[in-house]
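Here's the structure, in structure tokens; my notes come after.
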Amino acid sequence: MELYIHIPYCRQKCRYCDFASYAGQEQTMDVYVDALLCEAAATACDTPLSTAFIGGGTPSILPPALVNRLLSGLHERFAFTEGMEFTSEANPGTLTEAWLRAAITGGVNRISMGMQAFQPELLRSLGRIHTYEQVVRSVVLARDAGISSISLDLMFGLPGQTPEMWRETLDAALDLAPQHLSCYGLIPEDGTPLKRDLDAGRISLPDEEDERRMYDDTLAILARHGFQQYEISNFALPGHACQHNIGYWRQTPYLGLGASAASMLHTPQGCLRTANPSDIAGYIDMTKRCNWHRREIIPVSPEDARFETLMLGLRMTDGVPERHFETLHGITMEQYCGKTLHALAARGLLEHADNCWRLTRYGMDVQNAILVELLEATENGLSDG
Ligand code: SF4
């Protein structure tokens, strides 16, 4: 089982962000950590953890004393596996030596940092609080503290970003010798200041051709530097792919603690998904009163679970192994949607090799259209096979 812990605090809200993260609520951190430990006590089980991930928000603004309390409390309640991957997100400009010491003492061995862009004007327009120089300092700090696996998040397709600026960002990230890079295309989310500016015509996105060039450059440049693409947006040096995310894409059960955190557990009745209240006060109130029924319960039908295996698996360059699908769902992929899979392969969008179905390079560009086609074909259960 995988463990996820959500820290919903940020110094400042980025202009594109619609995550459950809040600025100016630091005064609740102490009580929030108590709430996390309370939820941990109520949900802990003996199943050994395969990975753990502290996400946010900005986990690196939690004071080191609270990091100590949180991590030692989690170790008392969960069966951490020796040497397992334990990642924490951290943001440049907030990372300190004391925080790193506390995190490492608590078992953190991998840091994922939001660099996003190299150019100061792009960082400013995104509402990020840091500069590239602070990214450099934070990477050095993490490495000096003993973290040997560092991941950087980068964003392309930003307003005002040219393919040349994106290549500069990739080069600047590679200069820091990370073991892992996540390169996400910007998705303007409703309700964010960035989306409002786009809708009002105050800013505009790069055109489709430029955006495709940025993605193509990503694949070429990172391959030249020894990075293997293992998912549409994720690249790693050998041995450094993020096991936590792979577990998520392969539908390993996970337990999420904290505001907005989701869990997915396999029960005798099937797959069960729950989601915690997304606001800090609502989450603290739920744990204080043990009102666990305030978690949203999202039943996952067998049809939904099958489609999810396809949707998540096709994001990965390994694709969907046929045996994995059959083990999870008790039917073969041929029975489930064989006709559509073969039709997509005939059009050069999917390939079938080594008992796996995966997207071709062209298929990656039109992944959403492929998923819509698969969804339509599978909506009527097994009628496609
Ligand atoms: S640091 Fe991350 S979580 Fe916080 S506001 Fe920015 S994008 Fe959102």
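The values are calculated or read from the model by the stated rules, or taken from the named source; none is laboratory data. Quick caveat, the model's predicted, so the values are computed rather than measured. Cβ coordinates were reconstructed from backbone atoms using ideal geometry, including for glycine residues, and neighbour counts include every protein chain displayed.
Rundown of residues vs (1) assigned to a loop (DSSP other than H, G, I, E, B); (2) on the phi > 0 side of the Ramachandran plot, yes/no style:
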position: I150; (1), (2): no, no
position: D153; (1), (2): no, no
position: P178; (1), (2): yes, no
position: D190; (1), (2): yes, no
position: G201; (1), (2): yes, yes
position: D210; (1), (2): no, no
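Which one of these is buried (at least 18 other Cβ atoms within 10 Å of the Cβ), assigned by TED's automatic domain parsing to the domain that holds P8 and touching a residue at least 24 places away in the same chain (Cβ under 8 Å): T96, T87, T81?
Answer to the selection: T87.
So which of E303, E326, E351 is modelled with pLDDT of 95 or more, in a helix (DSSP H, G or I) and out of contact with any Cys (no Cβ under 6 Å at 6 or more places or on another chain)?
E326
Matching residues to (1) within 30 Å of W166 (Cβ to Cβ); (2) not in a helix (DSSP H, G or I):
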position: Y16; (1), (2): yes, yes
position: Q27; (1), (2): no, no
position: A42; (1), (2): no, no
position: C45; (1), (2): no, yes
position: G93; (1), (2): yes, yes
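Which one is surrounded by the fewest Cβ atoms within 10 Å (Cβ to Cβ), of the residues in segment 24-50 that are under 21 Å from the mean Cα position of the chain (by Cα) and more than 23 Å from N291 (Cα to Cα)?
Looking at the filtered set, the residue picked out is S50.
Please work out which one of (1) buried (at least 21 other Cβ atoms within 10 Å of the Cβ); (2) within 13 Å of the ligand (Cβ to nearest atom); (3) under 16 Å from L194 (Cα atoms) is the condition Q161 fails and give its number.
Only one criterion is unmet by Q161, namely (2).
When the residues of segment 105-130 are narrowed to those that are part of a loop (DSSP other than H, G, I, E, B) and more than 14 Å from the ligand (Cβ to nearest atom), which ends up surrounded by the most Cβ atoms within 10 Å (Cβ to Cβ)?
It comes out as V108.
Based on this model, can you work out whether I331 counts as modelled with pLDDT of 90 or more and among the hydrophobic types (A, V, I, L, M, F, W, C)?
Considered against the rule, which asks whether it is modelled with pLDDT of 90 or more and among the hydrophobic types (A, V, I, L, M, F, W, C), I331 comes out as yes.
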